[in-house]
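Student: Have a look at this one.
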Amino acid sequence: MNIFRFLGDLSHLVSIWLLLHKMTTSKSCTGISFKTQALYALVFATRYLDLLYGSWHSMYNVAMKIFFIGSSLYILYLIKVPFKPTRDPAIDTFKLEYLVGGALIMSLIANYEYSFPEILWSFSIWLEAVAILPQLFIIQRTGEAENITTHYVAALGAYRGLYIPNWLYRYFAEGFFDPIAVIAGIIQTVIYLDFFYIYFTKVLKGQKFELP
Amino acid sequence: ESEKPAKDEL
């Protein structure tokens with residue numbers, strides 16, 4: 001565990017807290033992509049259910065895995081049950097088939113072993129890389145976003161972004177290199193770059209997130 | 001010995 005990895009994980013926790021805060025205080029899920037949230041639930045289920053076959057690295061990892069699976073299911077519940085009337089499915093129209101299908105193909109091409117757990121892990125890594133796209137698509141379609149929603153997306157982007165210096169550190173300090181995670185992680189971070197540009201030049205200077 | 005990276009990352 002190094003500082004970049006720790007800050008990345010912390011940022012991931014903060015992003016989920018921001019999302020829950022937005023929904024519970026405004027009692028709405030307006031502007032939030034159910035599809036992105038469903039993809040994250042699938043990402044966590046396919047990656048972290050390795051708990052069931054004994055992949056227990058540390059209490060830290062186990063606690064985080066349980067938290068991410070649990071919170072993602074709770075978020076889906078909030079969107080689908082109490083805040084259902086506030087969701088507008090007509091703007092959440094990104095085609096999930098492409099993302100899930102693409103991740104499936106990538107998991108069959110790029111994995112460390114042709115075994116069910118390894119392919120599942122690789123699938124979760126590739127799917128995570130693109131899971132934010134339906135959310136960014138909503139922001140692009142509506143041309144604006146509530147500040148709290150942009151803080152959520154920014155914290156989520158910072159999470160995988162911070163894993164990159166973590167991998168550099170681990171490569172030089174520990175000789176550790178996980179090419180699949182690194183390549184997918186870089187793709188994931190690149191997907192956020194447009195968003196981050198507007199976030200830094202507008203939202204952090206007190207303006208509303210609006211596309212030009 | 002396995003060449004697989006240990007999956008301790010989240």
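Only the coordinates and a few stated rules stand behind these numbers; no lab work does. From a predicted model like this one, the values you see are computed outputs, not experimental measurements. In this analysis, Cβ positions are derived from the backbone assuming ideal geometry, glycine residues included, and neighbour counts consider all displayed protein chains.
Student: Going through A:63, A:41, A:90 one at a time, which residue ends up being within 20 Å of residue A:154 (Cα to Cα) and hydrophobic (A, V, I, L, M, F, W, C)?
Tutor: A:41 is the lone residue from the list that is within 20 Å of residue A:154 (Cα to Cα) and hydrophobic (A, V, I, L, M, F, W, C).
Student: So, one more: If you scan the range A:61-95, which residues turn out to be closer than 15 Å to residue A:137 by Cβ and surrounded by fewer than 18 Cβ atoms within 10 Å (Cβ to Cβ)?
Tutor: Selection gives A:88, A:89, A:90, A:91, A:93, A:95.
Student: Of the residues A:55, A:33, A:28, A:15, which is within 14 Å of chain B (Cβ to nearest Cβ), surrounded by 14 or more Cβ atoms within 10 Å (Cβ to Cβ) and within 27 Å of residue A:145 (Cβ to Cβ)?
Tutor: A:15
To keep it simple, each residue is scored yes or no on (1) touching a residue at least 60 places away in the same chain (Cβ under 8 Å); (2) part of a helix (DSSP H, G or I).
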residue	(1), (2)
A:42	yes, yes
A:56	no, no
A:61	no, yes
A:90	no, yes
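Student: A further question on this structure: Within the range A:92-116, which residues are touching a residue at least 12 places away in the same chain (Cβ under 8 Å), under 17 Å from residue A:36 (Cβ atoms) and in a helix (DSSP H, G or I)?
Tutor: Hits for the range A:92-116 are A:96, A:99, A:100, A:102, A:103.
Student: Select from the range A:103-128 the residues that are of a type outside the set (S, T, N, Q) and within 14 Å of chain B (Cβ to nearest Cβ) and list them in ascending order.
Tutor: Residues satisfying the conditions are A:110, A:112, A:113, A:114, A:117, A:118, A:119, A:120, A:121, A:123, A:125, A:128.
Student: Would you pick out the residues in the range A:40-56 that are basic (Lys, Arg) and either over 18 Å from residue B:8 (Cβ atoms) or over 14 Å from the mean Cα position of the chain (by Cα) (or both)?
Tutor: Within the range A:40-56, no residue meets the criteria.
Student: So which residues in the range A:141-180 are free of Cβ contacts under 8 Å to residues at least 24 places away in the same chain and outside any helix (DSSP H, G or I), if there are any at all?
Tutor: A:175, A:176, A:177, A:178
Yes/no matrix, rows are residues, columns are (1) over 23 Å from residue A:204 (Cα atoms); (2) more than 12 Å from chain B (Cβ to nearest Cβ); (3) surrounded by fewer than 20 Cβ atoms within 10 Å (Cβ to Cβ); (4) in contact with a Phe, Trp or Tyr (Cβ under 8 Å, 6 or more places away or on another chain):
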site	(1), (2), (3), (4)
A:137	no, yes, yes, yes
A:140	no, yes, yes, no
A:145	no, yes, no, yes
A:148	no, yes, yes, no
A:161	no, yes, no, yes
A:169	yes, yes, yes, yes
A:174	yes, no, yes, no
A:183	yes, yes, yes, no
